[in-house]
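What follows is one structure encoded as structure tokens, with my remarks underneath.
Just so it is clear, none of the values below were taken in a lab; they were calculated from the coordinates. Since we're looking at a predicted model, the values are computed, not measured. Neighbour counts run over all protein chains shown; Cβ positions are idealised from the backbone, glycine included.
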Amino acid sequence: MCVVQPTTSQHEPAAIIVTNVMRTLSVISQFESARAGFLELPSLIEDIVHCTELERVPAAVDAALQSIAKVSVFPELQHGLLKAGALW
């Protein structure tokens, strides 16, 4: 995630990879077992929130927001989202 910055172009390979990862996370976030697994990887929530800042990669932002919406139903992850700055 550290290679992709808000000014990264959507056509760069790293941005394309991040977009696909966010889309995957968005889908698996629907499953309770996957959301429980997110608790074991606290930096994953921070990475999802970081993707909402990618102003030149709208597909990654959209997938990250979908992931946040699906993850936010899990009370234990709500605190992680707030801590990572999702509210702002």
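Side notes on the structure shown:
- The C-alpha atoms of the chain define a longest principal axis, and helix 75-84 lies at about 40 degrees to it.
- In degrees, nearest ten, helix 42-51 long axis to first principal axis of the chain (Cα): 40 degrees
- Here the convex hull built on the C-alpha positions of the chain has a volume of 78 cubic angstrom per residue.
- Rel. contact order, % - alpha carbon contacts under 8 angstrom, at least six apart, the chain: 34 percent
- With contacts taken as Cα pairs under 8 Å at a separation of at least 6 residues, region 42-88 carries a relative contact order of 40 percent.
- Looking at the chain, the GluC sites (Glu not before Pro) that sit in a DSSP loop and have at most 10 other Cβ atoms within 10 Å of their own Cβ are 40.
- Pairwise centroid distance, computed over Cα atoms, of region 9-48 with region 59-88, Å: 11 Å
- Cβ-placed point charges (K, R +1; D, E -1), dipole of the chain about Cα centre in debye, nearest 20: 120 debye
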